[in-house]
Each structure stands twice: as structure tokens, then as C-alpha cells.
Amino acid sequence: MKLLFNIAWTHVTTRVRQTLVGMAGVSMGVGFTIMMAGLMQGSQIDFLRQLVDTMPHVTVEDERRSVPTQPAEQEYAAVQMADIANVGKRPGIKYPETVMGSLRSWIPGNVAPSVKTTAIIDHGGARIGITLTGIDPRREVHVSKLASQMREGKLDDLSRAPNGIIVGEALAEKLGVKAGNTVLLVGGQGIQLNSTVAGVFRSGLKRVDESQIYSLAGTAQVMMGQSGVVNQLRLRLNDPMAAQKVAAQVEAQTGYKAVSWQEANADLLSTFTVRDFIVLTVMGAMLLTSSFATYNIISTITHEKRQDIAIMKSVGMREYAVRRIFIIESIIIGVVGILFGWVLGYLLCYGWSKITIFNPLTGTTVPLQIYYSAMHYLVAGGISLLCCAGAAYFPARKATRVHPVEIIRGAS
């Protein structure tokens, strides 16, 4: 192996220009692959972080996924009930404090009650349909990022302002209101309530900032016309990725519908799967392109070293040993190119992280999010090294199969 390595090293160092071109091709492929992976995964993680921070990890609602089993069905298995009228059912979760106490005993996180209803907000002739969520500010800080999303006022101001509400930044701009202004809330049963804007929040998601407002739970209950009702439980977990498993356990325990943030955004998350496939395809094409540069270099070296191949075979060197020489050459080119590619990839990621982009929808300037991961470097380097070895094997295999006499005589 020492002899084979010495021969390979001589081939690499005698044609410096070809060697540098091959190394540059590998470096560019690895570097830009790392940059693309960090950029795409960073933007995806940043979007998911905003999505997860905006909504509870699990939402327990006062409904069931299927119609409850009727007593007649339990007593007589052959009886089946259909088109059953659900008359006089009071909305809300039964004994919410008891249910929350039971959930707190085992869920890896926290839980808080809320009251969700729809209403119309009226100000200056503008009437906009909104979703009103009644909360307890002391408990809300444990299940959402609302307190850190405040742009005007504080979350505790809900308790101080008369019928206080917190509106989204986009909705506040549309209505032309700010903290301290008074607006009119109109409920579904014609209930009207003068409310004071206690604060303004910005979640980063325009659909939320345009249609969501928060109030005290009592205010939302008044708008519903149902005193003391709690129709939602909001869970925040230590690990957001465990939301689906926890939601299934909560639903099995309580019987109420529990929706994880993954289920609520299933359509959006499915697009990420397609996006990941596209990114992998692009990165694979970039690595394959860099391997072609190595293929061309090794093919040229192999063609120029045909006489050397003939001499080595004439003195008794086996075909597999000759092939190893050219594979070692490609590995040398690949390893050095990968090392420079890692440095290039890091510099590209660092440079892109300093670029800021203006978002016309939110009116803010945000930096590009880059995700740094050692796995990106290892995967890009490993695939590139395999491509280099494969690119060297086939031209070397073809050259070593030619009889040495034909090469020495100059026969075609």
C-alpha cells in the first residue's frame, strides 16, 4: 500500500493544475451543499418555531370526534341509532378544574383554561369578524408566548382595563386603534360590549394578527351568553414534537377532542415534505456535478498514464493494484476538496446569516435563519467521497483491462 500511495501521490503532484481543478470541483459541491442545507432547514425550523410559539401545542375542545354511544346501543347490541338530536346540551368542558388537575399529574408541561368564541369588532364604521379567546393572564404565561409578543401594554393590563382586550398588530392597524382606545364588541346573540384596548401583540403570522383578540375569560363568557363556561384547555409541552402522542392520551382519558399543532397544520406540514424532497434532489445534483469534475480529471490522468499502466502490469503488478492507485488518487483529491468544502460551507452559511430581508407583509426586517449541523458536513463529505471513489473506479477498470503489449506497441 505504501508503494501504491507513493505512485498515486506522484501522479497527483505532477499535474498540479488538473489536481486543483478536481479539488475545486469537490469543494464547490460540498460547500454549496452545506449552505443550501443550512439555509433551507434554518428557514423551515424558524417558521415552525413561530408557528409553535403562536398556538398551544395541544388544544382540548368541548366536542367529540364521534357521536357518544346511546344507552339503547349499550343495552341492545343490535340497535343502531342515527340522526340523533342533541337538544339542550350545554357547551363547555364538564368540571374543567378537575380535568386540568388530572392532566397536570402526568403531562410533561402545563395546562390552562380558555373560552373561545366568535364576535364582531366595530370601530369607526369598520366591522370585522374576529376570534375572541378569553384567558387567565396568570395561567396564560405558562402555555403561550403572548406575554413576550406584546408590542403595546402588558398582559396583566387585561385585568386593569374595563372589559380589556388585546388585539393583533395587523388588526389594530386596520382599525386605526392603539392601547387605551375603546371599541365595540358584538356577540352572536346580539350582545354588545364596550371594550378598552389594553395592548397590542404581534405573533409573526398575519392570519393570527388580523383575526385574533384576547380578553379575560369572564368577558368572553359574557359575549357567549354562558356564564362560567370553559370550552377549551390549552396545553404547552416541554417537547413540542411529543404533541401528537400527548393529544392521543388526553383524548383517550377525557373523551374530548384533543388537537395537536401538527394535526391543526397537517396541510402546511405536508408541503414541507415536498420541499425536503426538492432540497435533497438539488443537493444530490450538486454533489453529482462535483463528482463529474473528479471523473474528468481521473479519466485524463488514466489516459495519459497508459504507458505507466502497461509497464506496471509488465513487471507483474495485478490489475486490482493498478486500479487502487487511481482510486487512491481520487480519494486524495476528494479528501482535500472536502476539507476546503467544509470551510467554504461554513463561510457561506456565516455570510448568508448576515443578510437581512424586508418583509412587506409585516413591515419588519429579519435576518436569514441558518441551521448549523455537523450532520450536514458529514453527509455532504461522505457522499462526495463515495462519488469520487466511484468516478475513479470505472476509467481505471477500463484502462487496466487493456493488454500491456497493445499499449507498448502503440496499437489502438
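The values are calculated or read from the model by the stated rules, or taken from the named source; none is laboratory data. None of these values were measured; they are calculated from a predicted model. Counting neighbours? That spans all protein chains shown, and the Cβs are built from the backbone with ideal geometry, glycine included. Quick note on the areas: whole protein, heavy atoms, side chains included, nothing else; ligands and nucleic acids left out. Shrake-Rupley method; radii C 1.70, N 1.55, O 1.52, S 1.80 Å.
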Worksheet item: Only one of these conditions is not met by Asn194: (1) in contact with a Ser or Thr (Cβ under 7 Å, 6 or more places away or on another chain); (2) part of a strand (DSSP E or B); (3) surrounded by 15 or more Cβ atoms within 10 Å (Cβ to Cβ); (4) not aliphatic (A, V, I, L, M). Which number is it?
Response: (3)
Worksheet item: Quick one: which of Gln249, Gln232 is open to solvent by 20 Å² or more (accessible area, probe 1.4 Å), among the polar types (S, T, N, Q) and farther than 30 Å from Ala24 by Cβ?
Response: Gln249
Discussion item. Looking only at the range 15-39, how many residues end up being open to solvent by 70 Å² or more (accessible area, probe 1.4 Å) and among the β-branched types (Val, Ile, Thr)?
Written reply: 2
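At pLDDT 80 or above, open to solvent by less than 80 Å² (accessible area, probe 1.4 Å) and either part of a helix (DSSP H, G or I) or closer than 18 Å to Gly31 by Cα (or both): is that true of Gly345 in this structure?
Values: at pLDDT 80 or above: yes; open to solvent by less than 80 Å² (accessible area, probe 1.4 Å): yes; either part of a helix (DSSP H, G or I) or closer than 18 Å to Gly31 by Cα (or both): yes.
In short, yes.
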Worksheet item: Would the range 163-170 turn up any residue that is open to solvent by 20 Å² or more (accessible area, probe 1.4 Å), over 22 Å from Val111 (Cα atoms), assigned to a helix (DSSP H, G or I) and among the acidic types (Asp, Glu)?
Response: yes
Practice prompt. Would you be able to say whether some residue in the range 210-226 is in contact with a helix residue (DSSP H, G or I) (Cβ under 7 Å, 6 or more places away or on another chain), in a loop (DSSP other than H, G, I, E, B) and surrounded by 14 or more Cβ atoms within 10 Å (Cβ to Cβ)?
Written response: no
Worksheet, complete the sentence: Those helices (runs of 4 or more DSSP H) completely within the range 3-122 that have 2 or more residues that are at pLDDT 80 or above are 16-54, 96-104
